[in-house]
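Below is one structure, written out as structure tokens; comments come after it.
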Amino acid sequence: MSMIFNLREATDESIRELLSSPQLTAEFLSGRPIAARFLPNRTREPSRQFPAERDEIDLDKAWHGIHFLLNGSEWEGNAPLDFIVAGGMPIGNEDMGYGLARAFLSVEVGRIAAALGSVSGDALAARYRPQQMTAAEIYPQIWDDPEDDALEYLTVNFQKLKEFCQRAQTNGRGMIVWMS
């Protein structure tokens with residue numbers, strides 16, 4: 001089974017609601033309407049629904065390679081560039097596939113977007129060391145396969161990540177991240 005890193009925009013208000021009612025997380029992330037059975041007061045209509053927060057991307061299996069190139073480490077790093085594997089606020093205790101969903105408020109997304117914006121695709125590519133990544137067991141361990149264009153795979157997904165974080169920042173939104 002593949003480990004896919006997902007990101008979804010969320011308003012700070014929605015993030016606070018998920019943190020206080022984590023049982024809503026799976027439905028929020030699925031994009032389905034929130035079922036009334038999960039609402040705190042089941043006898044009346046909810047006072048509000050989650051806004052249509054649909055900007056979502058996934059980094060496929062490139063997430064670990066991107067983290068490694070940004071931080072020079074398998075699992076360590078410095079905020080805000082370590083956000084793929086660390087940081088944010090854990091939401092509840094429900095496993096979303098490979099761990100808990102984590103929330104980053106809009107101010108944190110602003111810091112992440114600024115940090116990612118300072119790293120060019122060329123600078124990221126200059127950090128690419130396929131043998132070192134293979135030795136460090138960076139998922140999905142395709143780095144020294146001559147038939148895979150792993151560097152292009154990483155740079156395309158890195159650009160997609162930068163654009164997503166920039167849009168979230170522009171929209172004044174936070175984000176929810178999870179591994180499925």
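Values as computed for the structure displayed
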item: Spans of helices (runs of 4 or more DSSP H) in region 112-180 with at least 2 residues free of Cβ contacts under 8 Å to residues at least 40 places away in the same chain and under 17 Å from the mean Cα position of the chain (by Cα); result: 150-170
item: Near pairs, Cβ below 9 angstrom, 6+ apart or cross-chain, from region 11-22 (within 12 Å of G92 (Cα to Cα)) to any residue that is acidic (D, E); result: P22/E94
item: Criterion violated by A26 - all others in (1) in a helix (DSSP H, G or I); (2) at pLDDT 95 or above; (3) aliphatic (A, V, I, L, M) satisfied; result: (2)
item: Filter pass, E45 being among the charged types (D, E, K, R), farther than 21 Å from M3 by Cβ, buried (at least 16 other Cβ atoms within 10 Å of the Cβ) and modelled with pLDDT under 85; result: no
item: Total residues in region 55-101, condition assigned to a loop (DSSP other than H, G, I, E, B), free of Cβ contacts under 8 Å to residues at least 40 places away in the same chain and farther than 27 Å from S118 by Cβ; result: 1
item: Counted residues, region 144-161 - those being in contact with a helix residue (DSSP H, G or I) (Cβ under 9 Å, 6 or more places away or on another chain) and modelled with pLDDT under 95; result: 2
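The values are calculated or read from the model by the stated rules, or taken from the named source; none is laboratory data. Predicted, not measured: the structure shown is a model, and the values here were computed from it. Here Cβ is always computed from backbone atoms with ideal geometry, including for glycine, and neighbour counts include all displayed protein chains.
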